[in-house]
Protein chains: 2
Amino acid sequence: MGMENRYVTIKDNIAAGMPTESSFELRSSRATPLAIEGGSLGSQQDVLVKNLYLSVDPYQLNRMKKFSSSQKSAGFASRVLPGQAIDAFGVGRVVASNNGEFKEGDVVAGLLGWEEYTVVKSGGNMLTKVDLTCGFPLSYHASILGPSGLTAYAGFYDVCKPKMGEKVFVSAASGSVGSLVGQYAKLSGCYVVGCSGTKEKVDLLTQKLGFDDAFNYKEEPDLKSALQRHFPDGIDIYFDNVGGKMLEAAIANMNIFGRVAACGAISEYTGESAPAAPDVLDVIYKRITIRGFLAYDHLHCQAEFMSTTSEYLRDGKIRVLEHISQGLESIPSAFLGLFRGDNVGKTLIRVSD
Amino acid sequence: MGMENRYVTIKDNIAAGMPTESSFELRSSRATPLAIEGGSLGSQQDVLVKNLYLSVDPYQLNRMKKFSSSQKSAGFASRVLPGQAIDAFGVGRVVASNNGEFKEGDVVAGLLGWEEYTVVKSGGNMLTKVDLTCGFPLSYHASILGPSGLTAYAGFYDVCKPKMGEKVFVSAASGSVGSLVGQYAKLSGCYVVGCSGTKEKVDLLTQKLGFDDAFNYKEEPDLKSALQRHFPDGIDIYFDNVGGKMLEAAIANMNIFGRVAACGAISEYTGESAPAAPDVLDVIYKRITIRGFLAYDHLHCQAEFMSTTSEYLRDGKIRVLEHISQGLESIPSAFLGLFRGDNVGKTLIRVSD
């Protein structure tokens with residue numbers, strides 16, 4: 001006997017293009033081994049977590065497709081099966097534990113799911129205890145202090161290896177990762193320009209986040225010219241969250257020894273934008289490096305990332321943008337909003353208080 | 001008064017597509033300061049070289065165009081002006097010298113030109129004396145021991161950072177650089193497959209150069225499938241000399257943490273092949289690095305490259321492929337042959353004995 005656990009799933013694998021809300025459904029299950037009352041779980045080492053904040057990320061679309069090249073490449077991008085709960089990063093509270101490392105009441109962060117409760121299996125090695133003494137809002141541990149933050153930090157410092165004064169371009173700059181990359185870059189003495197999809201976001205970048213400049217890519221008929229205008233001395237680092245034409249334009253405007261951190265390609269996920277075809281001659285003659293990366297290959301940066309970012313937060317040097325929706329029911333809409341550009345900063349779902 | 005100096009030049013900058021022999025002409029000049037008889041040259045430090053072997057390279061096409069993105073990026077890819085001699089790597093003999101480092105009769109290698117005589121300016125810092133005691137044919141110093149060799153060596157070892165047992169794919173594998181990359185890779189314990197454009201070349205790769213396998217790309221309707229067949233366990237390193245569809249197919253077949261050395265894109269130089277549009281999702285999820293490089297950024301490898309390669313040559317562990325034409329007159333045809341795939345190995349012109 002388990003108690004009820006509601007979760008969000010896909011009805012079927014998503015074929016191509018943009019999914020719709022009807023692609024998703026909210027289900028309920030009693031089959032999970034949630035013997036909370038007795039405090040006992042099925043397997044040794046299992047931890048039962050009541051989810052508080054859940055992350056909603058664009059890459060999950062690639063997992064929902066019938067086939068995506070990403071699915072065979074990275075453990076965490078494995079195909080999502082229709083009818084099953086979809087795992088996602090989040091913050092929750094331990095309600096039962098067979099694991100000596102975690103006890104009831106602990107606040108934890110890790111791989112949970114788009115559901116009310118998650119049983120974290122075998123030792124919970126994906127789970128970490130949240131240090132409540134730091135006093136940050138709990139949601140931060142699923143946004144700036146979670147994988148999005150590490151992605152920005154490791155991608156910028158470990159992949160791009162910035163030098164003071166370098167010119168940095170960030171696409172999807174008001175998104176969860178881009179907004180942090182731009183701020184890290186400014187704090188490291190770089191010149192930073194971001195692009196985004198609305199006037200409000202562009203204003204946010206320059207007026208609130210300290211970007212040197214920003215532009216609305218939807219108002220630019222020629223992205224190469226737009227970048228040439230914003231980078232008369234060329235781009236040294238491009239932190240790419242979108243792929244497609246913007247990647248081509250950035251390569252065309254890069255300086256010698258330029259670096260591209262390929263973090264995301266949201267313009268290509270829905271199949272609506274053609275894949276980027278950057279000029280290979282530029283890549284060769286300008287000795288450009290394009291490097292795809294995933295945060296979890298950079299866990300050696302984790303401690304530095306946490307201490308540096310926490311300090312920036314305490315000193316008010318970095319701003320946190322969160323786009324929080326209420327309740328599991330809001331997941332489909334929040335998820336689709338990522339592709340429409342509805343979000344500013346990190347998209348989170350508050351599942352429970 | 002100078003003596004006659006014949007040289008090859010372009011009549012006009014090449015607009016697009018494939019040039020023809022009529023794009024070139026052989027001119028003669030008496031204007032160069034070739035006061036050989038007196039042994040005196042115009043400026044201090046100048047060295048007058050009688051050219052023996054000259055290199056003919058695909059990248060020179062990009063310099064001959066009205067505009068190529070390469071021209072603004074790398075000093076040595078600057079635009080070639082119609083009517084002027086075209087600089088090119090080569091081996092020659094000093095016939096007069098104002099520079100204490102070189103004396104009459106010295107055999108030298110360095111940046112010369114598609115001409116009979118070259119005046120190497122200001123200190124000849126691009127010029128090195130050839131060590132004749134090693135006993136290699138002089139042409140080797142313009143092929144395997146010249147920039148093509150360093151490109152192969154540095155590109156493979158310094159850019160790709162191979163590990164024993166890794167799977168290596170080389171395109172244009174019977175060309176000047178590819179044929180060496182494949183041999184270096186085999187000597188480093190890698191599994192190596194090359195592609196080329198004729199049956200004869202394919203046979204050469206497996207039967208003479210020790211490649212594990214090879215295929216004729218012109219007979220493959222689907223390059224992705226071809227690579228999947230030849231690399232059932234995926235590609236770890238792709239040494240790219242061609243760009244275009246082959247680059248896309250290689251990325252699709254790469255393993256996690258795969259590396260692409262972007263060395264050349266001959267399929268794109270003539271504008272006849274569409275630029276490569278590799279799947280950015282592959283790049284991200286497989287954490288692929290694509291790195292453009294030029295040999296002259298890797299001069300720190302020069303000493304190691306020379307000693308290792310000389311040793312391989314003395315031990316008969318590496319084979320040298322040279323495609324030598326006779327006389328300046330043969331330059332246009334030899335140059336165009338690079339794009340038709342006429343050459344096997346390094347294309348050189350013997351200007352004088």
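The values are calculated or read from the model by the stated rules, or taken from the named source; none is laboratory data. Note that the structure is predicted; figures quoted are calculated from it, not measured. Cβ: placed from backbone, ideal geometry, glycine included. Neighbour counts: every protein chain shown. Quick note on the areas: whole protein, heavy atoms, side chains included, nothing else; ligands and nucleic acids left out. Shrake-Rupley method; radii C 1.70, N 1.55, O 1.52, S 1.80 Å.
List of remarks:
- Interface A-B: total buried accessible area of about 3100 Å², 1.4 Å probe, protein heavy atoms only.
- Less than 5 angstrom separates the built amide H of A:Gly345 from those of A:Gly175, A:Ser176, all sequence-distant by 5 or more or on a different chain.
- With the Kirkwood sum run over all distinct C-alpha pairs, region A:219-301 has a hydrodynamic radius of 13.3 Å.
- Convex hull per residue volume in Å³, alpha carbons only, for region B:147-296: 100
- Rounded Å value of the spacing that divides the Cα centres of region B:274-353 and region A:91-143: 55
- Solvent-free Debye scattering, log10 I(q)/I(0), computed from the Cα coordinates of the protein assembly as shown at q = 0.07, 0.09, 0.10 Å⁻¹: -0.56, -0.84, -0.98
- Debye log10 I(q)/I(0) at q = 0.09, 0.11, 0.14, 0.17 Å⁻¹ for region B:241-353, Cα point scatterers: -0.38, -0.57, -0.87, -1.09
- The same position B:Glu21 in the other copies lies at 7.2 nm from this copy, comparing label points 7 Å beyond Cα toward the beta-carbon, shortest first.
- Pairwise Cα inverse-distance average, inverted: Kirkwood Rh of region A:211-262 (Å): 11.2
- Lysine pairs within region B:147-296, Cα separation less than 23 Å, 8 or more sequence positions apart or different chains: 27
- Reference-scaled alpha-carbon Rg (2.2 N^0.38 Å with N residues) for region B:82-146: 1.11
- Between copies, B:Pro82 shows label-point distances of 6.4 nm, shortest first, with the point placed 7 angstrom from Cα along Cα to C-beta.
- Counting only Cβ charges, +1 for Lys and Arg and -1 for Asp and Glu, the dipole size of the protein assembly as shown around its Cα centre is about 0 debye.
- Per-residue mean of foreign Cβ neighbours for A:288-297 is 6 (Cβ atoms of other chains, 10 Å radius).
- Using alpha carbons only, the radius of gyration of region B:46-194 set against its Kirkwood radius gives Rg/Rh = 1.03.
- Take every pair of alpha-carbon atoms less than 8 Å apart whose residues are at least six positions apart; their mean separation over the length of chain B yields a relative contact order of 17 percent.
- Computed label-point distance, nm, for sites B:Gln84 and A:Ser273 using a 7 Å Cα→Cβ extension: 4.0
- Test item: A:183-196 mean partner chain Cβ contacts at 10 Å: 0
- Ellipsoid semi-axes for chain B, based on the Cα gyration tensor and the rule √(5λ), read 36, 22, 17 Å when sorted largest first.
- Within the same chain, lysines fewer than 8 places from A:Lys103 are excluded, and of the rest, those with a Cα less than 24 Å from its Cα are A:Lys50, A:Lys121, A:Lys129.
- Judged by the mean number of other Cβ atoms found within 10 Å, the most tightly packed of the peptides B:308-315, A:54-61, B:259-266 leads the ranking B:259-266, A:54-61, B:308-315.
- Each copy carries A:Arg229; placing its label point 7 Å along the C-beta direction from Cα gives inter-copy distances of 5.1 nm, listed from smallest up.
- In region B:126-181, one over the average inverse separation of all distinct C-alpha pairs is 12.7 Å, which is the Kirkwood hydrodynamic radius.
- Ranked by the mean number of other Cβ atoms within 10 Å of their residues, highest first, the peptides A:227-235, A:250-258 come out as A:250-258, A:227-235.
- Within the accessible area of chain B, the carbon and sulfur atoms contribute 51%, probe 1.4 Å, all protein chains present.
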